[in-house]
Amino acid sequence: MTGTGKLRLMPWPDERGRACYLSTDNENGFLSRVADQVEATQLGMASDLLDHVDDLLSGEEATAEQLRYCVTQLQGSLRETLRVADSRGERLPAPDADAADHTYAHALSPLARAHGCAPQGGAQ
């Protein structure tokens, strides 16, 4: 790979099933836009699949074949959704360590108090 562009994890694997990256300086380039559309489609399909599973499980009785099919589809959908999450997570700016520590402690304080403990070293 040549160039000084940023690496973007794509929402599809390469031909061997490994992570596929795009090196680009243009976050709005053609392949980046295609990747964004693929991500949106994958997430929409995951939502539709969950609706289907809800319908299947709320019915009288699902057959073993139906459940196996749904589990297989959920496995693929979860794999794609995790790839989208990784891709989007890699594009987030790195947090300021001090700000992240404060935000974490602040967010945990109500939860910790609700469970009768306080976060160590954080605001209470």
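For the range 1-53, the calculated P(r), taken from all Cα-Cα distances in 5 Å bins from zero up to the bin holding the longest distance, is 5, 19, 20, 21, 16, 10, 5, 3, 1 percent. The range 1-95 gives an Rg/Rh value of 1.11, both radii derived from C-alpha positions and Rh following Kirkwood.
Under a plain spin-label model, where a point goes 7 Å from the Cα along Cα-to-Cβ, how far apart in nm are D96 and A19? With each label placed 7 Å out from Cα toward Cβ, I get 2.8 nm.
Pulled fully out, how much extra length does the chain show between E27 and D48, if you take 0.36 nm times their separation in residues and subtract their Cα-Cα distance? Between E27 and D48, full extension yields an extra 4.7 nm. Per residue, the solvent-accessible area of the range 27-100 (1.4 Å probe, heavy atoms of protein chains only, all protein chains present) comes to 75 Å². Along its first, second and third principal axes, ordered by size, the range 53-95 spans 49, 17, 10 Å in Cα coordinates.
The values are calculated or read from the model by the stated rules, or taken from the named source; none is laboratory data. All values derive from a computational prediction rather than experimental measurement. Because the Cβ atoms are built from the backbone with ideal geometry, glycine has one as well, and the counts that use them run over all protein chains shown. Remember, those area values only see protein heavy atoms, side chains included, never the ligands or the DNA or RNA. Shrake-Rupley method; radii C 1.70, N 1.55, O 1.52, S 1.80 Å.
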